[in-house]
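The values are calculated or read from the model by the stated rules, or taken from the named source; none is laboratory data. What you are looking at is a predicted structure, and each value in this text was computed from that prediction instead of being measured. As a convention, Cβ positions derive from the backbone with ideal geometry for all residues, glycine included, and neighbour counts pool all protein chains shown. Ligands, DNA and RNA are stripped out before the accessible areas are found, and what is left, the full protein with its side chains, is counted by its heavy atoms. Shrake-Rupley method; radii C 1.70, N 1.55, O 1.52, S 1.80 Å.
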Amino acid sequence: MTSMRSAHGPKPLNVHVGDCTMDDGKAISRDEARRLITEGVEPCPFCSLENALGMTG
């Protein structure tokens, strides 16, 4: 997961597959990744995390 600093702590920007080269954030569980996506955090457009999690269509 990639995040940026905000006044209220880190704010998630994108959620990534574990080996995505576009990510430099911290590792999270599959359940946490699913939760973040359902709460509106964008999945990475390059690594197709939603496919890896079985969340397509």
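Every Cα-Cα pair of the chain was included, and the share exceeding 14 Å stands at 49 percent. Net charge in the neighbourhood of residue 43 (other residues with Cβ under 14 Å of its Cβ; Lys, Arg +1, Asp, Glu -1) is -2. The calculated 222 nm mean residue ellipticity attributable to helices in the chain amounts to -5500 deg cm²/dmol, summing -39500 (n - 2.57) over DSSP H runs of n ≥ 4 and dividing by all residues. Across the accessible surface of the chain, with the other protein chains kept in place and a 1.4 Å probe, carbon and sulfur atoms take up 50 percent. Taking 0.36 nm per residue of separation and subtracting the Cα-Cα distance, full extension of the segment from residue 26 to residue 42 would add 4.2 nm. Remark: the chain carries 72 Å² of accessible area per residue (probe radius 1.4 Å; ligands, DNA and RNA excluded).
Sorting the segments 43-55, 19-31 by their mean number of nearby beta carbons within 10 angstrom, highest to lowest, gives 43-55, 19-31.
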